[in-house]
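What follows is a set of notes on a single structure, which appears directly below.
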Amino acid sequence: EQRWKRLVKRLSGDRRFQEALAVLHALEGGSVYPGPVGYNIVLAACAKAGAVDVAYDVFHNMESRGVVPNTYNYNTLISVCSRTRNIQGAFDVYHRMQDLGVPADTVTYGTLLHACSKAADLDRAMQIMHALKEAGITPDVVMYGTVIDALGKRGLLDQALDLFNDMKANNVAPNTHIFNSLIAASSKSNQASKAFEIFDDMQRSGLEPDDFTFSSLVTACGRAGLADKAWDIFQTMLASRPKANEFVFNSIISACGRCGQVDRAFEAFEGMKAAGHTPDSFTYSSLINACGTANDVDRAFALFTSMTDAGFTPDAFAFSSLIHACGKANQLSRAFDVFDSVQRAGVKPDLVTYSALLDACCKRGHLDKAFELLHQMRSVGLEANEFVYNSLISACGKAGQLHTALDLFDEMRSRSVTPS
RNA sequence: GUGGGCUGAUAUGGACA
């Protein structure tokens, strides 16, 4: 009886959706009835794979086979829209289920809220929250969590905290997700002390901090320049939870790097490997950055080499970090060498790669080279952003080229790039 | 009626100031 489920799961997990459907069709009229559950396994796999069109096909296929979609099926379809930031599609599905009298549940609302959040439509999310309360429905902990997290990601820490209080006033008990979101929100808003307040609150509530908690805390310290505090909390955590995951290690490496603590960053790097984790692209670019921040270009290059020796393909982040390190140490020709090697490595330089090099040129007063790069990036379809304009304008200013600076400023405004 | 299955929320890396 469970065999067909495993088969359908495996097939749809391998993106063999048509074969999965064929299995469901073959079961029709037999002794087992996969029904909405069977189709939802396929739908959920489409959602994970981001295969929107296939998901709709599966949904229609289910209907045409006389299987009436239930709340779960509609929820999954809403989730598909949500993942692809198709907020309109999500609400269309919701309205359709209302029209057909299929009851919405907490998951429906939670998924809709998540859709709003992914599409950065916080007003709509708040409207839903209010509408639910008007209808006498108290949002559950996941709904609160979704909106709290969305607010935090937009830098609206105070509103996130307001909602946190609102949920407690409604007797909804905060869980680990909620506290972790708030700690991450504090980190994003560069409020490390707030992060620790929430951390204390979390422990007073009897909840165990997890890897999410610690990586957010460490990141908060790193952003605030609290090197020792980052290291402290990391060490304390290791004492009680030696099996921290790679996120935690990457976070401490990055935090140490930001604070100019290269040696600690490398110590954590060793600890990471000793813990059995394979360093990933986050690890390497954080380390390169750590070297760059400390003006140790040679160490950055050595690391870059060991990274490729280990069979790792550098990505645009690694290259940009290396270019930035060269620029910061006034090694412009080396920066250009790296830039050339980007293309050779088959990596597409992106806006940040260009702007790192362009800024290095600007800082050295090589306006000609900077404008050449501007031209070059435009020729591959990359437009200048605020960072690029700022670099150029400030370099023109220093070089006494006021006309050019003003022209750039006008151009920037006419393209409605916000000056800062 | 009850239980179960498929669906929703959290953390890490690069450029100007």
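Here are the numbers for this structure:
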| item | result |
| --- | --- |
| Pair-distance profile P(r), taking every C-alpha pair of region A:103-143, with 10 angstrom steps and integer % | 33, 59, 8 |
| Contour excess over end-to-end distance, with Cα ends at A:K5 and A:D162 and 0.36 nm allotted per residue | 52.1 nm |
| C-alpha center-to-center spacing [region A:115-177, region A:319-339] in angstrom | 44 Å |
| Alpha-carbon centroids, region A:249-299 and region A:343-420: separation in whole Å | 29 Å |
| FRET efficiency, 1/(1 + (r/R0)^6) with R0 25 Å, evaluated for A:R378 and A:L406 via beta carbons | 0.80 |
| Debye-sum result for region A:79-223 in log10 I(q)/I(0), which assumes one identical scatterer on each alpha carbon, at q = 0.19 Å⁻¹ | -1.10 |
| Only Lys, Arg (+1) and Asp, Glu (-1) charged, at Cβ; chain A dipole about Cα centre in debye | 400 debye |
| At q = 0.11, 0.17, 0.18, 0.19 Å⁻¹, base-10 log of I(q)/I(0) for region A:239-365 (Debye sum, equal scatterers on each alpha carbon) | -0.37, -0.82, -0.91, -0.99 |
| Degrees between helix A:106-118 axis and first principal axis of chain A (Cα, 0 to 90, nearest 10) | 20 degrees |
| Computed E for A:A26/A:D57 - FRET, C-beta separation, R0 22 angstrom, nearest 0.05 | 0.75 |
| Full-extension gain in nm, A:A173 to A:R154, via 0.36 nm per residue minus C-alpha separation | 4.5 nm |
| Globularity ratio of region A:45-127, using Cα Rg and 2.2 N^0.38 Å | 1.04 |
| For region A:251-335: relative contact order, % (alpha-carbon pairs under 8 angstrom, 6 or more apart) | 28 percent |
| Per residue Cα convex hull volume in Å³ - calculated over region A:221-303 | 74 Å³ |
| Helical mean residue ellipticity (222 nm; -39500 (n - 2.57) per DSSP H run of 4+; nearest 500) of chain A | -23500 deg cm²/dmol |
| Where labels lie 7 Å past Cα in the beta-carbon direction, separation of A:D263 and A:R16 in nm | 5.7 nm |
| Rg in Å to one decimal, and Dmax rounded to a whole Å, for chain A via C-alpha atoms | 25.9, 85 |
| Using distinct alpha-carbon pairs, which all enter the 1/r mean, Kirkwood radius of region A:311-420 in Å | 14.2 Å |
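Read the figures in this text as sums done on the coordinates, not as results from a lab. All of these numbers come straight from a predicted model, not from anything done at the bench. When we count neighbours, we look across all protein chains shown, and the Cβ atoms used for this are built from the backbone with ideal geometry, even at glycine.
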